[in-house]
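A quick write-up on the structure given underneath.
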Amino acid sequence: MIVRILPASKGGIYSNVGSSGFLVTYLEHEARETGQTDRAIFFDQGREGIGREEVQQRIDENVVGLQKGKPHFHSLVIAPSQDELRHLNDDPNNLIEYTRQVMENYAVNFGGKRHKPLTSDNLVWYATIHRSRHYSGLDDAVQTGEAQPRQRKEGEQTHVHVIVSARDRSMSRSLHPDAGSSRFNYKTWLAKNQHDFERTYDYKTKISEQQHWERLYKQIARIDRAGLSLDRERIQLVGQHHAYSADFWKSMGQVEREVRQGKVFTANQAYERLQETVEPKQKINKSRVGGEQELRTYEAPGQGRPNRIDESTRPVLPAGNIPAIEKVEEVDKNVTRPEVRTTHDKAVNKASTNDKPGRVDLSPLLKALRFESVPETGDQARSQEDDYRRRIKRRR
């Protein structure tokens, strides 16, 4: 499931600084090409069959209070995969209900400590369903020559376009999803949308080996266009070895960024960087026992078993070096508490009590530090009270 906010290119179809008329007309035109001519093609949170004129009017009028130069609206796209569409039987009613849930999550995600929680009823938004998609000049297939711009894509390509105002219905709050995570957490929104789809329609995400290969080949093609050629089979073996885990894709993205930044400029550097970031690190717990390091290896927890420590590497002390332990009863006031002492500790304590120095009288030193060391003549301080009065007099 792909749910994302489309970038607003200046002067393009999704330009959102001025009127929404151009985008609304384009969305209607694309829907009409797929045969949706029997009724109005827009819907919102509670209605269907809404016309283009109402959509443009409501979006363009809901701009009171927006700062100059800020977007008037935002464009969203909801694109299920072909497997997800087959799971939904490509039913438009299911897509409409899911779109309403996505917009509900969109509104809730703007809530915070400083603002009142929102619902989709506080938004001004409209959506339409498109049945087909076309290649653009930015697609990898077009750049590699496998397809032509505006060529229709194969397979089931049903998706939903949403246009939502950048102000709430009361026009008292600005709602910009690109304002930062403190106002709109993009990752939380995406995760909630995916969770709701799987829970509502009882769907489990399945990624086939072919889909992994296609994604990997596209990323290798982008790296190749950035100026570095990689061996597809070698990268594919690394991906298969790590079961195309999240760490593997994260490391591939890091390699791609560093190639574009000029930090990686040879294939060997890319392979080494990929191996370093993907290979799991061994967990070693170091502690001191008898002056030597003890290495503890942990087993992965499974089926309720606790982590177990490998005792094979634990150092064993010789029996002759173990000090004898005696149990001594120490009486403190009316409480008897057991205390464990060694014979060595008793000897040390006894020697320390015999060599204890006598008590030193520090009162003359403290008196000399407390008062000024001056002769007791004239108006000099002879007591603490006189010293305090003298200090007050000096301040005045």
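A few remarks follow.
- The residue that is nearest to residue 220 (Cα to Cα), among those in segment 138-176 that are over 30 Å from the mean Cα position of the chain (by Cα) and aliphatic (A, V, I, L, M), is 141.
- Residue in segment 73-95 that is farther than 23 Å from residue 133 by Cα, in contact (Cβ under 8 Å) with a residue 40 or more places away in the chain, under 33 Å from the mean Cα position of the chain (by Cα) and in a helix (DSSP H, G or I) present: no
- Per-region count, segment 210-246, residues more than 27 Å from the chain's Cα centre (by Cα) and under 30 Å from residue 98 (Cβ atoms): 1
- Some residue of segment 137-148 being surrounded by fewer than 17 Cβ atoms within 10 Å (Cβ to Cβ), outside any loop (DSSP other than H, G, I, E, B), of a type in the set (Asp, Glu) and assigned by TED's automatic domain parsing to the domain that holds residue 25: yes
- Residues (over 20 Å from residue 47 (Cβ atoms) and among the aliphatic types (A, V, I, L, M)) located in segment 64-114: 64, 66, 77, 79, 85, 88, 108
- Qualifying residues in segment 149-186 (those that are closer than 28 Å to residue 66 by Cβ and of a type in the set (Asp, Glu)) - the one surrounded by the most Cβ atoms within 10 Å (Cβ to Cβ): 168
- Any chance residue 182 is part of a loop (DSSP other than H, G, I, E, B) and either under 26 Å from residue 63 (Cβ atoms) or outside the structural domain of residue 46 (by TED's automatic domain parsing) (or both): yes
- Residues that are farther than 16 Å from residue 102 by Cα, assigned to a loop (DSSP other than H, G, I, E, B) and of a type outside the set (Lys, Arg) within segment 162-175 comprise 166, 168, 170, 171, 172, listed in sequence order.
The values are calculated or read from the model by the stated rules, or taken from the named source; none is laboratory data. Just so it is clear, the structure is predicted and the values come from calculations on it, not from any experiment. Ideal geometry is used to build each Cβ from the backbone, glycine not excepted, and the neighbour counts take in all protein chains shown.
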